[in-house]
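The values are calculated or read from the model by the stated rules, or taken from the named source; none is laboratory data. Bear in mind that the values here come from a model prediction, so they are computed numbers and not experimental data. Ideal geometry is used to build each Cβ from the backbone, glycine not excepted, and the neighbour counts take in all protein chains shown. Remember, those area values only see protein heavy atoms, side chains included, never the ligands or the DNA or RNA. Shrake-Rupley method; radii C 1.70, N 1.55, O 1.52, S 1.80 Å.
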Amino acid sequence: MSYEVNGSCPDDELLAQKLLLKGCEPLPRRRCRAAAPRDYVEPYPLPASFWSTPSDSSVVWTAYTCKNYTCLIYRKRNQKGFDDCKDCFDLKGVEKTRWTRPNSGGGVDFSIDEVLAVKKPGTIRIGLDIGGGVATFAIRMREKNITIVTTSMNLNGPFNNFIAARGVVPLYLSISQRLPFFDNTMDIIHSMHVMSNWIPTTLLHFMFFDIYRVLRPGGLFWLDHFFCVGEQLEEVYGPLIDSIGFTKVKWVVGRKLDRGPERKEMYLSALLEKPLKNSW
């Protein structure tokens, strides 16, 4: 809070994000001007912006290891160590085909068309993607005239700037915070990878109930690639999800092998519906 009123705000994105990740909200309003890029370039017009990499001059890069989008696009190949959503800035890579392929083999990948077919046409109109990376899910839904808000943190990358430049709405929100929507309002909520066994079980329980709260009766919760160790699904997470009160529309379990079969990790993809009646 040490700053000159009517002046420039301190460059404290990293500190602010640490507070948000701990569930501290809201950050205080301040009477100062946040830094903007020196040579800002306006985004591409719609719909070209959906699949175009924005200008490097649209971001203040001081908080990130990479200082341009080229670095982010190639960091999976060039950088060691872990970064959140390490390859998702590459819009010509795996992002290009996410949620587009029909699940003919019975795996844990659902397509958007497969999920939308569960409800009457036109009844899925608005929704939320929790921890949506660079908002490719929101872009896919936008192409089907569905409005999705994407929550994302800036974990060593300008995720919120990138989402906005693509032409959809970013929401700077951590999983520790209450969803800023009123009860019974969302048609669909999606989350891929974010909700998994790395989250403390009690916090995960709160999150599921908060999702239930903001979904309208008949709304869908698409739990996409939830991962855990095999026995956890039966002993912990299956009963936890059952306790919320959703109706199971789809429930598919498969092996997660990317870190080796000896870990005995599993994926769960589920499509859950909030009951139209008797919702409590």
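Some observations on this one:
- Solvent-accessible area, 1.4 Å probe, carbon plus sulfur percent, for the chain: 55 percent
- Alpha-carbon centroids, the stretch 121-144 and the stretch 161-234: separation in whole Å: 13 Å
- Among the chymotrypsin sites (Phe, Trp or Tyr not before Pro) in the stretch 1-101, those placed in a DSSP loop whose Cβ has at most 14 other Cβ atoms within 10 Å are 3, 40, 74, 82.
- Tail fraction, Cα-Cα pairs, the stretch 131-215, threshold 21 Å, whole percent: 30 percent
- The count of lysine pairs in the stretch 54-164 whose Cα atoms are under 16 Å apart, excluding pairs fewer than 8 places apart on the same chain, comes to 8.
- Nonlocal Lys pairs with alpha-carbon distance under 23 Å, the stretch 199-280 (8 or more apart, or different chains): 7
- Here the scattering of the stretch 77-188 is modelled by Debye summation over its C-alpha atoms, one equal scatterer each and no solvent; at q = 0.10 Å⁻¹ the log10 of I(q)/I(0) is -0.33.
- Projecting label points 7 angstrom from Cα along Cα→Cβ for residue 193 and residue 2 puts them 3.8 nm apart.
- The candidates 206, 181, 159, arranged from most to least accessible area with a 1.4 Å probe in the full protein assembly, appear as 206, 181, 159.
- Integer Hz, Karplus 6.51/-1.76/1.60 couplings in order for the stretch 214-219, x for Gly and Pro: 7, 5, 6, x, x, x
- Fluctuation leader among 72, 179, 19 - the chain, Gaussian network, Cα springs under 10 angstrom: 19
- Charge dipole of the chain about the Cα centre (unit charges at C-beta), most positive-ward option of 44, 156, 186: 44
- Remark on the chain: 24, 228 stand apart, with no other cysteine beta carbon under 4.7 Å.
- Trypsin sites (Lys or Arg not before Pro) within the stretch 118-175: DSSP coil, no more than 13 neighbouring Cβ in 10 Å: 125, 144
- Normalised size of the chain, defined as Cα radius of gyration per 2.2 N^0.38 Å with N residues, equals 1.04.
- FRET efficiency, 1/(1 + (r/R0)^6) with R0 30 Å, evaluated for residue 147 and residue 40 via beta carbons: 0.70
- Heavy-atom accessible surface of the chain, averaged per residue, reaches 54 Å², computed with a 1.4 Å probe.
- Computed over the alpha-carbon pairs of the stretch 152-280, the distance histogram in 5 Å steps reads 2, 10, 18, 21, 19, 16, 10, 4, 1 percent, short to long.
- Within the stretch 181-213, backbone nitrogen closer than 15 Å to the virtual label 7 Å beyond the Cα of residue 263 toward Cβ: 193-199
- For the stretch 4-69, the dipole from Cβ point charges (+1 on Lys and Arg, -1 on Asp and Glu) about the Cα centre works out to 240 debye, to the nearest 20.
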